[in-house]
Structures are given as C-alpha cells and as structure tokens.
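First comes the structure, then the notes that go with it.
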Amino acid sequence: MFSTRTTATAAVAATVLAVLAGCGGGTSTGGGGGKGHPKTLTYWASNQGTSLEDDKTKLTPELQKFEQQTGIKVNLEVVPWTDLLTRILAATSSGQGPDVLNIGNTWSASLQATGALLPFDDKNFTQIGGKDRFVESTLGSTGAPGKTPAAVPLYSLAYGLYYNKKLFKDAGITKPPATWDELVQDGKKLTGGGKYGLAIEGANNSENAHHAFVFAKQHGADFFDASGKPTFDSPQVVQAIKQYIDFMASDKIAAPGNAEYVQNESVSDLAKGKAAMLLWQAAGVQLKARGMKPGDYGVAPVPVQSGTPGSGQNVNSMVAGINMAVFKNSGNLDGALKFVKFMTSDAEQKTLNTEYGSIPPIKSALQDPAFATPELTVLRDALAKSAAPLPQVAKESQFEELVGTAMKDLFADAAAGRPVTTDSVQKRLAKAQQQMQG
C-alpha cells in the first residue's frame, strides 16, 4: 500500500471481525450516502500526496476533465489513511458509502469477503478497457486467489532503500548496502552526533507489517499456512521480526524516538539529515516536498540476507499500491465504471502517477519515459523480479493491525531500554495470533 498509509487504531481489528462475521453483502441493497443520481458520483480518495489539500489540488482538475467528457460530476472526499479502513468497513455494514473508492491493495481480500464490492468479472473488465491492459503482477493483489477480483490496480509501488548521499560521503561509504549485515555495519558508521543510520516508523502499524512480511519471506516463513491458519509465532517469523526490531534494540542504528514515529516522520528525518537511510515506497515526491533534491539521495534495492534480490527467500518488497473499487449498491454503476475507466486510462495514469511519484499498473502507460527515472527503475525492477503480494486472505487487514501492534509494543520496549529477546518477541506474536484466532 502507499507510503503515506498509517493503519487505523486497534479497534479496526474488532470492526473487521464484526463485519466479516455478520455483515457480508450488507450493501447489496439500497442506496446510501447520497448516491443514485445518474449525473453524480461520490469518490473516496486515499491520501496519496503530502496533505489532504495537496490531493484535492491534484485530483480536482482531473475530475473536472471527467465531468466535461461525461457530464457526470464527482463529489470528492480525500480520506486519511488513519480513518480509511474504519470508514470503509462501516460503509460495508451500513450501506452508506461512496460509489467509487480507493483501497490499499493489501485489503482487497478482506474487503472482498464482505461481499460489498463489485466483482470485476470479464464483463466489467471489458467496460473499463480490458483486463489485459494491467500489469499481471499487480492483479495478484486484487482479491483472494481463484476469486473474481474485487478491485483494479490504480497506483503501483514497491519498497526501496533511500540514502542520504552527503551523509554517506562524510562517513566514507562509497556504495549502498546490499545485505542486512552491511546495512548494520554502515548504520553504525553513520550513527553519532545526533544522527542515526536508519529511520523507522515504529508506531506505524502498516509499515511494521510490511517489513515483517519481507523479513519473514527472507527467513523462509509465512504468516498463514496453506489452509489460511495464522502462524505468527513460528520460530522463523520470530527470528525475522527480532532482526527488524534489533535495528533499534541491539544494533542501535535507529533512534529510540522512532518508536513513536507514525505517518511520514521517517521521511522527514532523511530529508533533514537526521537519518542516513530509509526503507520506503516511492519517497521521491515526499522528499522533494521537504526540500530534498533528486541528486541529494540515492535509491537502491532493499537488502537481503545474502546474495541479490529475487524470488523466494530473496523477496525484498511487498507488491505495494492502491486499488480502485466500486460499491455494489451504487445507484450509478454505469457511471462508476466509466469513472474507473477514466482513472485507469493511459492519459490519467501518466498524469496521476507522475504527480504522486508512483508507477502505472497499466502496461502502455508504463512505457512513458517519465517512469524510467533512476528511482522508479529500482522500484520497477523490484516489482518485476523480487516483490511478493501480502497474503490475500480474508483476515489480512487483521494481520496487519495485530502484528503491527505487536511490533509497535516491541519498539516501545527497545526505546525504553527493556530487553527484546527471542522469548519476548515470541510472546508478543503468540498474543497477536490468539487475538486473530479469537
């Protein structure tokens, strides 16, 4: 999902359970949220820019183009990531939601399970220009395997290692680290004098869960078995998460204050020279907004345990991004599909992904030279060669919240000087697994 995303509070997990257990398909009847007029649509956009106002500035001219072309007015609301999942789940339960909405692609299977979203079957894909227009890997995060997609890709992303070139030069480091051992060694050289080697957002549950997934893959582990049963506290997962927490706890290359960092605070630290490295999704636009020029930072593949990034245990990113979905109970399904077609058209894909520094999931738009910058080339390579989708299971959003919270608590321990041990990590993850099963 997108780099600005911070998941909602712990109440989300309970809300998800309630919706999945008792409200599936609750929006299949009735209209709500002021929908139903053939000349209007309500659109919930996710916060992709530097602020809600920034998104409105970027999106409003595009929505005006759509109105000029179709006569359909789009009522825009930009919803912060802290509220988006909770708002969507409430809408799936009450039927009072938008016509069209953005969702984090990792939520696709969870929201699909509510029955509230319009399935993108062959007919609906044809109405928006065809399924074959989309990059195949991005379609892997549109719903549960074997089921009709519940959304379509809108913006694609992957993680990269961003680093401050001046701080590297000052420390005598000539190239970015390729393995975690190298990152720790470099991080220690870069830590001191009020600066740290690595910026982390320890209170950002979604960021925590994304890194947990990558580290687990590199340790040969998954968070769910083949039957969908959670395996949060397996020895390999415990080892993976401890390795990540140890950047603060034992390696001490991340500032203790990072345990309280949430949305975009780590990006600010890189831009201000308070931290030398950052693991992030398409940070270029965010860094520019904070005064950092493209020549001031480098982008490299996220490190691996050994060797080079690739499939299997050398996965170094999740398949990140934003999907666009339609509520089944929209009173204007025809208009909603026209809007999805517009937003995924070549012209809009080039415009919007350029504005947000993301990667088009549309094959033809992806050929534009604007998406061949050094930064995006690294991210595109990750998507093509070494990224994997987060588990496309109905409880995925609960996994992010529960594991993310466990990691937030572990970072709090590290910041307070309390020991982070294999046993303490295992206990936190076992508690998260019990909550999931309960």
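The values are calculated or read from the model by the stated rules, or taken from the named source; none is laboratory data. Model, not experiment: these values are computed from the prediction. So basically every Cβ, Gly included, is an ideal-geometry build from the backbone, and we count neighbours across all protein chains shown. The accessibility values were calculated without ligands, DNA or RNA, using every heavy atom of the protein model including side chains. Shrake-Rupley method; radii C 1.70, N 1.55, O 1.52, S 1.80 Å.
A few remarks follow.
- Enumerated helices (runs of 4 or more DSSP H) restricted to the range 54-142, each holding at least 1 residues that are in contact with a Cys (Cβ under 6 Å, 6 or more places away or on another chain) and open to solvent by 50 Å² or more (accessible area, probe 1.4 Å): 81-94
- The range 196-239, subset among the acidic types (Asp, Glu) and under 17 Å from the mean Cα position of the chain (by Cα), residue nearest to Gly160 (Cα to Cα): Glu207
- Qualifying positions in the range 347-382 - surrounded by fewer than 22 Cβ atoms within 10 Å (Cβ to Cβ), within 26 Å of Gly143 (Cβ to Cβ) and among the aliphatic types (A, V, I, L, M): Leu352, Leu366
- Any chance Met436 is touching a residue at least 40 places away in the same chain (Cβ under 8 Å) and either surrounded by fewer than 17 Cβ atoms within 10 Å (Cβ to Cβ) or more than 18 Å from the chain's Cα centre (by Cα) (or both): yes
- When the residues of the range 269-318 are filtered to those that are among the β-branched types (Val, Ile, Thr) and either in contact with an Asp or Glu (Cβ under 7 Å, 6 or more places away or on another chain) or over 25 Å from Ala259 (Cα atoms) (or both), the one that is most open to solvent (accessible area, probe 1.4 Å) is Thr308.
- Qualifying residue in the range 406-414 (condition: at pLDDT below 95, open to solvent by less than 20 Å² (accessible area, probe 1.4 Å) and in a helix (DSSP H, G or I)): no
- Residue that is in a helix (DSSP H, G or I), at pLDDT 95 or above, among the small types (Gly, Ala, Ser) and within 30 Å of Leu85 (Cα to Cα), where the choices are Ala221, Ala240: Ala240
- The lone exception for Ala216 - which of (1) surrounded by fewer than 24 Cβ atoms within 10 Å (Cβ to Cβ); (2) of a type in the set (Gly, Ala, Ser); (3) part of a helix (DSSP H, G or I); (4) modelled with pLDDT of 95 or more it fails: (1)
- Total residues in the range 298-322, condition modelled with pLDDT under 95, in contact with a Ser or Thr (Cβ under 8 Å, 6 or more places away or on another chain) and not in a strand (DSSP E or B): 2
Residue-wise test of (1) open to solvent by 10 Å² or more (accessible area, probe 1.4 Å); (2) under 30 Å from Leu390 (Cβ atoms).
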| position | (1), (2) |
| --- | --- |
| Tyr163 | yes, yes |
| Phe168 | no, no |
| Ala171 | yes, no |
| Ala178 | yes, yes |
| Asp181 | yes, yes |
| Val184 | yes, yes |
| Lys189 | yes, no |
| Gly192 | yes, no |
